[in-house]
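Below is one structure, written out as structure tokens, with a few remarks after it.
The values are calculated or read from the model by the stated rules, or taken from the named source; none is laboratory data. A quick note: this is a predicted structure, and the numbers were derived from the prediction, not measured. Neighbour counts run over all protein chains shown; Cβ positions are idealised from the backbone, glycine included. Surface accessibility is based on the protein's heavy atoms, side chains included, excluding ligands, DNA and RNA. Shrake-Rupley method; radii C 1.70, N 1.55, O 1.52, S 1.80 Å.
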Amino acid sequence: MEKAIMENRNSYYASEEFEKKYAYTGNDLGMHYRNNNILFKVWAPTAGKVELVIFNSGDIEDDHEEQICPMKQEENGTWYCSITNEYEGKYYMYKVTQKDGITTLACDPYAKAVGINGERGMIINPSQINPQGWESDKRTFLGKNATDAIIYEVHVRDFTIDATINAKYPGKFLGFCEEGLKNSFGQSVGIDYLKELGITHVHLLPIADYGSVNEKEENQYNWGYDPKNYNVPEGSYATDPYDGRIRILEFKTMIKKLHDNGIGVIMDVVYNHTYNTDFCFNKIVPGYFYRFRDNGEYSNGSGCGNDVASERIMVRKFIVDSVKYWAEEYHLDGFRFDLMGLLDVETMNEVRKAVDSVEPEIIMYGEGWDMETSLSKSGILMAKQDNTKYLDRIAMFNDDFRDGIKGKVFLDDENGYISNNISKVPDIINGVKASPAWASSPLEVVNFLSCHDNNTLFDKIEIGNEGITFEEKVRQNKLAALIEFTTQGMILMHAGEELLRTKKVTDGNFISDSVKAGDQVNSIKWEDLGKKEYQDVYRYYKGLIEFRKSHPLLRMTQREEVLKNLHFIKEDEIIEFLIESKGSSKEAILVIYNPSNQEVEIELPEGSWKICADWEGVEPNGKCMVANKVTVPHVSGMILIK
Ligand code: CA
């Protein structure tokens, strides 16, 4: 696009005149299947002519047009047409001619189904694409608090691509929910393993259609942070990426199976940038979807080449409609917003409201990083940590806690509290209380040790402690886990963290960004579960999860409650705190962290105490009674109850 035209367009889009004239508020954008016809509506305010083009095939390489239907201009820049139901199962695109004469073919931004590689929308009857029993499928977490959540962050393909488990559908939605999978030691893996581990939710790395993987080919790999179609599941996770109905059916099958096993499903959504600027919305309304710098280049706060202009009315509506659609149609239990600091507060609160209309207990959290971006309007508040107070029930990742535990993720030579870096004590204290400066309640805080980004926890420990032995690495990892599961706030763990997950490659290098590193680096290595030292760590996490779930004092929801019930006895190299309910329950939990290289003797508060966790293992109901004092060995933690 010419720079001058683009600048004109940008100021035109930002004008009050444009917003007044073209803000469309209807809920009928996209394709809608009715009993007696199928309706299409698209927002294309800059177009002079729009047509619906119907194809027999969903493949862009089969370019034979079956039929062209003219679309009629309606209110607020929308275009509309209806066709008969006989077209169900065919594919469609919009042929949009701008007033300057340029014509493009574009997929429907609101498409609910697409063909191979997401190029063409599919005409479907959504009510026909549900697994058996879908009507009675229920969210599993209702009646609980967000602080009860123990979230397992996992990539669909990583979870079952390991050949040793012989999944029938390795790396697919159907593989994810395949019951009865075992490793060569005969231990349960896959969904059965998750059930045993005791997590409450899986948080799936992006499963909406993305562009970086060619769905026509097998054995490609990407995390999927490159959205192509926002309202459609990714084709490479389906057994048939050509027929747009299959990916919908199989993703819903997976959700239902997880729900049936008591596990909620959280979706990682990427509304801050798109795969590229050939994105269909951008073809239909050139330049409207993105932010631009003064020099005419795309704003690039995300580092992915194009920042989405969430502050524009019809982009905001698109994001709100999209999240609501997933919540409603796919019965999802939560959403994790990628680079949420690039989205604006008003959009996020609108999303919250729309999600509430489906189910107010749906969990929302995101990456509230403070990022540079070129907003298209002034006076816009961004959804970053410091603005948590303006957001309604949207939690943020606590990166200070993460870095406090193991050292800053971008500084290889910095280690953390578990390596006895005492400068990190304040970050640990704030993690324990779920009270980083930006939060006002534990419901706003997601505490985590590691996630898909950066080095794995186990690798980071090794990188920060040159020459460390395997045994000492395991001790630090177990101490980190004991700290994590005794903090207030929501808990998120990186899949495989409990199996000492590593992304160390054969040449000894550690991969910190494995977005394209393939299965060998990224897959969950299920054979590890059969090795004694790994099994031990798995049991440690499992025990901590069970302990946390049976103690509401670790899952308080209000800051005042935390201040009232949680008291630090030591806040130094050794951290010791007591959580006591002053109410009717007489429960008390005493927690000690010792990151030093020496054992320490701790004087116990009055009474007899049961040790529930120490360096060795976790016995949620208590392993032995002690009184007066205990010895906490080097680099370890202890949990006691009264
Ligand atoms: Ca795709």
(request) Kindly provide the set of residues from the range 378-417 that are aromatic (Phe, Trp, Tyr) and open to solvent by 10 Å² or more (accessible area, probe 1.4 Å), ordered by number. (result) Tyr390, Phe410
(request) Kindly check whether there is at least one residue in the range 442-465 that is open to solvent by 20 Å² or more (accessible area, probe 1.4 Å), assigned to a helix (DSSP H, G or I) and out of contact with any Ser or Thr (no Cβ under 8 Å at 6 or more places or on another chain). (result) yes
(request) Would you mention how many residues in the range 248-277 are more than 15 Å from Ile199 (Cα to Cα) and in a strand (DSSP E or B)? (result) 3
(message) So if I check each of Ile246, Ile255, which one is aliphatic (A, V, I, L, M) and surrounded by 23 or more Cβ atoms within 10 Å (Cβ to Cβ)?
(response) Ile255
(message) Please verify whether Glu217 is in contact (Cβ under 8 Å) with a residue 24 or more places away in the chain, out of contact with any Gly (no Cβ under 9 Å at 6 or more places or on another chain) and either within 17 Å of Ala517 (Cα to Cα) or surrounded by fewer than 18 Cβ atoms within 10 Å (Cβ to Cβ) (or both), treating the condition exactly as stated.
(response) no
(message) Please list, ordered by residue number, the strands (runs of 3 or more DSSP E) wholly in the range 535-642 having 2 or more residues that are more than 23 Å from Gly198 (Cβ to Cβ) and of a type in the set (Asp, Glu).
(response) 575-580, 600-613
(request) Starting from residues that are part of a strand (DSSP E or B) and more than 10 Å from the ligand (Cβ to nearest atom), keep the ones in the range 200-216 and report whichever is farthest from Ile248 (Cα to Cα). (result) His201
(message) Being away from the ligand (no atom under 16 Å from the Cβ) and within 21 Å of Asn522 (Cβ to Cβ) is the requirement here; does Val270 meet it?
(response) no
(message) Could you check the range 48-72 and list, in sequence order, the residues that are β-branched (Val, Ile, Thr) and either under 20 Å from Pro286 (Cα atoms) or part of a strand (DSSP E or B) (or both)?
(response) Val50, Val53, Ile54, Ile68
(request) Give me a count of the residues in the range 217-245 that are under 11 Å from Lys172 (Cα atoms), within 12 Å of the ligand (Cβ to nearest atom) and polar (S, T, N, Q). (result) 1
(message) For the structure I just gave you, tell me whether Ile468 is open to solvent by less than 10 Å² (accessible area, probe 1.4 Å) and not acidic (Asp, Glu).
(response) no
(request) Select from the range 260-290 the residues that are within 17 Å of Asp338 (Cα to Cα), surrounded by 19 or more Cβ atoms within 10 Å (Cβ to Cβ) and out of contact with any Phe, Trp or Tyr (no Cβ under 6 Å at 6 or more places or on another chain) and list them in ascending order. (result) Val265, Ile266, Asp268, Tyr271, Asn272, His273, Thr274, Tyr275
(message) Let me spell it out: the conditions are (1) of a type in the set (S, T, N, Q); (2) out of contact with any helix residue (DSSP H, G or I) (no Cβ under 6 Å at 6 or more places or on another chain); (3) more than 13 Å from the ligand (Cβ to nearest atom), and Gln187 meets all of them except one. Which number is the exception?
(response) (2)
(request) Show the residue pairs that are 6+ apart or on different chains and have beta-carbon atoms under 7 Å apart, the first residue being within the range 104-133 and closer than 18 Å to Ala208 by Cα, the second being part of a strand (DSSP E or B) and within 13 Å of the ligand (Cβ to nearest atom). (result) Cys107/Val114; Arg120/Val114; Gly121/Val114; Met122/Val114
(request) Name, by its number, the condition in (1) of a type in the set (A, V, I, L, M, F, W, C); (2) more than 30 Å from Lys182 (Cα to Cα); (3) open to solvent by less than 10 Å² (accessible area, probe 1.4 Å) that does not hold for Phe568. (result) (3)
(request) Name the residue, out of Lys195, Lys257, that is within 30 Å of Tyr541 (Cα to Cα), more than 12 Å from the ligand (Cβ to nearest atom) and touching a Phe, Trp or Tyr at 6+ places or on another chain (Cβ under 9 Å). (result) Lys257
(request) Quick one: in the range 291-318, of everything that is touching a helix residue (DSSP H, G or I) at 6+ places or on another chain (Cβ under 6 Å) and part of a helix (DSSP H, G or I), which residue is surrounded by the most Cβ atoms within 10 Å (Cβ to Cβ)? (result) Arg316
(request) May I ask you to say which residue of Asp226, Asp209 is open to solvent by 10 Å² or more (accessible area, probe 1.4 Å) and either modelled with pLDDT of 95 or more or under 24 Å from His494 (Cβ atoms) (or both)? (result) Asp226
(request) Among the candidates Ala439, Ala480, Ala434, single out the residue that is in a loop (DSSP other than H, G, I, E, B), buried (at least 24 other Cβ atoms within 10 Å of the Cβ) and among the small types (Gly, Ala, Ser). (result) Ala434
